[in-house]
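All remarks here apply to the structure that follows.
Values in this text are rule-based calculations from the coordinates and carry no lab data. Computed from a predicted model, the values in this text were never measured in an experiment. All Cβ positions, even for glycine, are placed from backbone atoms using ideal geometry, and neighbour counts span all protein chains on display.
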Amino acid sequence: MAVNMNTASQWNPLQLQAIWRELEDQVHPFSRVLSIRGEAFRQLDAAAKLFIARRFMEHVQESVLYVIDGNGIDRVYLGAPKHLVDGGGTILRPPGSNLYWIRPAVHKITTATLIAPPVPAKHVKIPRPPNAYILYRKERHHHVKISNPGITNNEISQLLGKAWNLESREVRQKYKDMSEKVKQALLEKHPDYQYRPRRPSERRRRRRNTQSQDQQDNTDANNATTSPGDASASAATPSDSTDAV
DNA sequence: CCGAATGAAAG
DNA sequence: CTTTCATTCGG
C-alpha cells in the first residue's frame, strides 16, 4: 500500500478479468454493493482495486468506495456509502485508518469495540452554531443563576437580554467574533453542513407574536400566525390541535 | 415540548 | 416579511 497508484498492477489483465468474473456473480440489476472476502481483498494492489471499482461503477452508475466490515466479519464492501447506511448502518473512519461499516445492530455485535473513535455518522444532526447573544447568555447563565436564587430560565433570558442590549459595541462585537469562529470551526468539521429549519407545517402551530403585532382583533387572543401578506392563507390554518412529536 | 432573550439563516 | 433553532432547564 504505497505510493504507486497509476502504475501497472502486479496482476496481469487476464488475472484481473478472472478476479472480476468471480465478483461479477454478485452483480444483478438490484445489487448496489459488492462483497469481497477480506483475504481476497488483501491480495489486491491499488491498480487492481481501481480496476474492480471501475467495473462495478459501470453497473451501478455512481461513485463507489471500499469499506471494511466493522461487524466482525473479514469482509470488504464496494459501493456507494448511502447503500451501507440506508438501513441505519454507520460508516466510521477512525483517525488515520480505513473506513468501517457498522451494521445497525441486528443480532450479534461482536466487534463493536473495534471502532472506538466516536466519529459522527453521516446523518447525525448537527446543531446550528450559536449566535453572539446565545454565547453571551451561555457564558453568564451560571453566574446569574447563582446570584439570583429561584430565578427561572425565562427570567434569566429577560435579564441577560437587557444586559446584552446595554453592552458596548465592543463587547457585542467580541461575541459576534466568537460566534463567527465557532461557525467556521463547525463548517470546517462539517463542510456539508447546511441550516435546514423544518417547515412551519411540520412543526407546531402558533408562534408568539413579536414586535408591533398590535391588537388587530381580540376575538381569539390565542390565535397568532396571521400573515400580514394577503388573503391566501386566511381561512385555512390547518392543524391546530395536535402537533407534538 | 414550551418559553424568554437575540440573531443567523431559510423560505 | 415570516419561521426555525441555537443556549438554559423548570414546568
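Bridging of A:K125 to lysines at a Cα separation below 25 Å is possible for A:K82, A:K138, A:K176, A:K181, A:K183, A:K189, once same-chain residues fewer than 8 apart are set aside.
Shown here for the range A:1-73: GluC sites (Glu not before Pro) in loop regions (DSSP other than H, G, I, E, B) with at most 16 other Cβ atoms within 10 Å, namely A:E62.
Here the range A:162-190 is scanned for amide nitrogen atoms under 19 Å from the site 7 Å beyond the Cα of A:I134 along Cα-to-Cβ, giving A:162, A:164-165, A:172-190.
Taking other C-beta atoms within 10 Å as the exposure proxy, A:R140, A:R93 rank A:R93, A:R140 from fewest upward.
Sorted fewest first by neighbouring Cβ atoms within 10 angstrom, A:D192, A:D45 come out as A:D192, A:D45. Between A:H190 and A:L65, residue separation times 0.36 nm minus the direct Cα-Cα distance comes to 43.0 nm.
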